[in-house]
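Here is the structure we will look at.
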Amino acid sequence: MATLVAVTGFAQQTKTKVVAKPVAKTVKKPVAAQPAVEKVFDNGIKLSMKGFVVSSAKLYFEDGTQVPEDNTVELNQKIVMQVVLDTGYKVMGGKVFPGGSEKITLDNGYEVLNSGDMFTQYDKTGVAAEDGKYVSLKAVMTQLNDKSKAINVVFRIWDKKSSSQVTGSYQFHIK
């Protein structure tokens, strides 16, 4: 007596009874979102990193000297925050596509600046991958009536071609 067994749409004739073996099903588990890595760098720069690996974050003056650890500066003196991103960009044709925004407030909540993306000029062209490692954002206070108030800077740096981002903050004071 012959038994007909269907195997993926084909029929085969056999003289023995074929018993189907159980097949392990692939179970798709949701990928757990990677937790953000929190770290405090020089000058009290607090970062939360997702996707990016940051090797350095520091505050400098425009002449390249580092801002003192107490982050006290003169009125009208520009501060440059530089973040060095070691990895995390999606590189396309040797280019990366950074985004960056910054919000500056006083201790009392008064909003001095709330920028949108400051790197829109690179949306189509991108920047060389090596150059994209070094992201700088500037802050300056030109007028402040109460110099006892701290100036709070909150920022975000992101990759426009992936989900990598760095969010962070620091404070500075006027002499």
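Nothing in this text is a laboratory measurement; each read-out follows from the coordinates by a stated rule. Bear in mind the structure is a predicted one, so any value in this text is a computation, not a measurement. As a convention, Cβ positions derive from the backbone with ideal geometry for all residues, glycine included, and neighbour counts pool all protein chains shown.
Assuming R0 = 25 Å, what is the FRET efficiency of TYR110 and ASP131, from their Cβ-Cβ distance, to the nearest 0.05? The computed FRET efficiency comes out at 0.10.
Strictly over 23 Å apart at the Cα level, which of LYS46/LYS103; LYS46/LYS124; LYS78/LYS161; LYS50/LYS149; LYS58/LYS124 would you flag in this model? Display every interim value, and only then the final one.
Details: LYS46/LYS103 15 Å; LYS46/LYS124 31 Å; LYS78/LYS161 30 Å; LYS50/LYS149 31 Å; LYS58/LYS124 29 Å.
Listed pairs above 23 Å: LYS46/LYS124; LYS78/LYS161; LYS50/LYS149; LYS58/LYS124.
Placing pseudo-labels 7 Å out from each Cα toward the beta carbon at VAL40 and VAL91 gives an inter-label distance of 3.4 nm. Working ranking of peptides 154-161, 99-106 by packing, defined as the average number of other Cβ atoms within 10 Å per residue, highest first, is 154-161, 99-106. Between THR65 and LYS124, what's the calculated FRET efficiency when r is the beta-carbon distance and R0 is 41 Å? Round to 0.05. For THR65 and LYS124, the calculated efficiency is 0.70.
If a/c stays under 1.5 just call it rounded; otherwise compare a/b with b/c (prolate if a/b is bigger, oblate if not). Do that for the stretch 21-175, with a ≥ b ≥ c from the square roots of the Cα gyration tensor eigenvalues. In terms of gyration-tensor shape, prolate.
Distance from the alpha carbon centroid of the stretch 65-136 to that of the stretch 151-174 works out to 7 angstrom.
Under 5 Å from the amide H of VAL54 lie the amide H atoms of ASP86, each residue being 5 or more positions distant or on a separate chain, with H modelled from the backbone and absent for Pro and chain starts. I want to make sure I understand the PRE zone here: with the label point 7 angstrom from the Cα of GLU74 toward its beta carbon, which residues in the stretch 92-112 have backbone N atoms less than 16 Å away? It comes to no residues whatsoever.
Orientation-averaged projection of the stretch 32-113 equals 7.9 nm² [convex hull of Cα atoms, one quarter of hull surface area].
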